[in-house]
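Written out below as structure tokens is the structure these notes cover.
The values are calculated or read from the model by the stated rules, or taken from the named source; none is laboratory data. Quantities reported herein were computed from a predicted structural model and do not represent experimental measurements. No Cβ is skipped: glycine too gets one built from the backbone with ideal geometry, and neighbour counts run over all protein chains shown. To get the accessible areas, we keep the full protein, side chains included, count just its heavy atoms, and leave off ligands, DNA and RNA. Shrake-Rupley method; radii C 1.70, N 1.55, O 1.52, S 1.80 Å.
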Amino acid sequence: MKINGKSLLLALCLYLPIGIYAGSGDVNGDKKLTYVDVEAIISYIMGNNPENFDAEAANVNDDDAINIADVVALMNKIKVTISMNGQTQKGNNSNGHLTTHGYITDFKPAELPPHDLSPLFCVLHLTIDVPQGDYKAIILQTDNKLTTEATLSLTTGELTPTTTSAVQALTLKNVQLSEGQNTLEAYLSILPCDLSTSQLSIKVYDAEGNLYNVSGNFGGKTFEAGTTYHLTGSVSSSAIAESTGLPVVLVNTPGRVNITSKDNWLEKSTLTIINTDGKVINSPGKVKGRGNNTWALPKKPYAIKFSKKQGPFGFPANKDWILLAEYYDRTLLRTTFMSAVSKAAGIEFSINYQHVNLYLNGQFMGVYVLTDKIEESNNRVKVEKDGFIIEDDTYYKHEKVYFTSSLLKQTNGEADGFSFKYPDDDGDITTGDDNYNFIKNYIYQMESALNQLTSNPDNTNYQDYVDVTSFAKFHVACAAFVLLDPNRFYVLPSRSSKLKMMPMWDAEWSLGLRHKSWGKTYPMYNDTSWDRYFYFKYLMKSPAFVAAVKEEWAKFKAKKQQILDEVNTVRQQISTAQADNFKMWSDNRQWLSFSFDTWEEEVNNILQFFDERMKWLDDHYASMK
């Protein structure tokens, strides 16, 4: 589409960051392209001497002369990025946000003079009959035909779509409907789109985490620029929420195709996160399945990747996030417990997490846990350029690059194997290169030193390789939690560092729960796995390491209530949503060593188990020499 760009020219040239290079037009060197640069070039052409004028940058069309052609060339460079995400309405039936243009990403609204951008947009005036409540967001959903980002040329007035989406959202603030108030009125700007052959659904989300579908006929229209459309709908007072109690994650794939692979990303997906405070992240991205054994289960886990870094729920911003299905966990709280004990133990990195209600292509999938991906990152697992993150991985042979342990064995007698999280085995490390040989030799030398403890427990050569405090913290946390089959990650922050054991990951078999095929069908408070398996089989022979474990245990047990407080807080948060989850996924008991009839009984069991485990472990550590 086109609009009259001339009428917007001065207003929209105020704040346009660009990459700076010779001839860019950034004549004042402030590393952004603004109308000040245009004025400076015009002033120079008129014979003046503008302050801090960069003649090389002013030669925009690179013809060795500064003239009006450079002004035109500069104007042709200006492409205003417009994003329809981030709109916020303050108050019921308020439309002031339509003229603030805070969602135009290249501008600071305070720097804009009064102007009219209405020729760009359509306005949806929504009138929805709803039950009384505190409403936080309105969500539009269709078949990937909403334009959420575009660029505007100020010389031609042409609007070019750059991002299409299945979802667009409006955050609501101070929209509280009390008794006698049953009409929610909202205004949402959208860019022109043809929905003449598409359905458009509207949902409302309230402060209790209830997501309601709005009844009404909204699709079958072509929405044209400069037009206001009045749409009416309703949510019955007896309506049942599609989900309740938690933030919502919407994953929409192109063409609503199913996610069938854990190896291949579905590009051009739409990823939307709606927090209970109404804050919305709506972004292009991609999605795929994940997991080994868990990918084969009925309720499947997923990996999502935003096109730009996002920080949902206040977490540090990253592109990659994981959606854990928690299919085996009838409490939905074992990941919470794991993170809480990790933090209490002082492990260097503990995962961020948030329970959410997941919708995949509009279908409710149950309660999931959105959490960090285990990867090298300044705000995840931090290592230097010459560092390593490796995993003692049962499925190591599925990876491109791996090596086997000289000391550790699997239950079938085969050697344990290590795969790479960093450097990336997709080109950054190859079998036999310098990185590969260094970490392989480091592990073998460490294993040789650990093996010496079998005949000489007082030998301390292993301390040249092992960060004793890190391993002791990990031992305490996993032993307290009775984490039986975790992913075991080892981190060498740099070639001059010692090996650390972190982070904790994969909480499904913990707090007494086992897979039925393992043979034991009852919780074991006195489990000693962490004294007998992995590298701890050797480390626990060392009096020096046992002393470090005792020291970390003394600090850990003092934080028992901190752990329980976190678990009970999340227990309350998911108490309503869990019921909807288990209506869908109640058929998991056949694989479990034990189970109870109700969610409340399941939760009470793990709390009792943890209490008994802490008592037993205190005596156990005290008895060690």
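Key figures
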item: Percentage relative contact order, the chain, counting C-alpha pairs under 8 Å, at least six apart; result: 10 percent
item: Percent carbon-and-sulfur accessible area, the chain, ignoring ligands, DNA and RNA, probe 1.4 Å; result: 46 percent
item: Phi-based couplings in Hz for segment 450-455 (Karplus 6.51, -1.76, 1.60; Gly and Pro marked x); result: 5, 5, 5, 5, 4, 9
item: Selection of chymotrypsin sites (Phe, Trp or Tyr not before Pro), segment 372-404, meeting DSSP coil and at most 15 other Cβ within 10 Å; result: Tyr395
item: Per residue solvent-accessible surface (Å²) - the chain, probe of 1.4 Å; result: 43 Å²
item: R0 of 60 Å, Cβ-Cβ distance Ala544-Ser238: FRET efficiency to nearest 0.05; result: 0.35
item: Förster radius 56 Å - calculated FRET efficiency between Ser448 and Asp134, Cβ distance, rounded to 0.05; result: 0.35
item: Thr411/Ser307 FRET efficiency (R0 51 Å; Cβ-Cβ; nearest 0.05); result: 0.75
item: Theoretical gain in end-to-end length, Thr162 to Trp518 [0.36 nm per residue, Cα-Cα removed]; result: 122.9 nm
item: Lysines whose Cα lies under 22 Å from that of Lys550, excluding same-chain neighbours fewer than 8 positions away; result: Lys343, Lys473, Lys498, Lys500, Lys537, Lys541, Lys559, Lys560, Lys615, Lys625
item: Fully extended contour minus Cα-Cα distance, from Gln199 to Thr469, at 0.36 nm per residue; result: 91.4 nm
item: Amide H contacts under 5 Å for Lys145, placed H, 5+ residues apart; result: Ser165
item: Point-to-point label distance, Thr227-Ser595, nm (Cα→Cβ direction, 7 Å offset); result: 5.3 nm
item: Descending Cα extents along the principal axes, segment 151-247, whole Å; result: 51, 28, 25
item: Angle in degrees between helix 560-574 and the longest Cα principal axis of the chain, rounded to the nearest 10; result: 50 degrees
item: On Cα atoms only, tilt of 599-623 relative to the major axis of the chain in degrees; result: 50 degrees
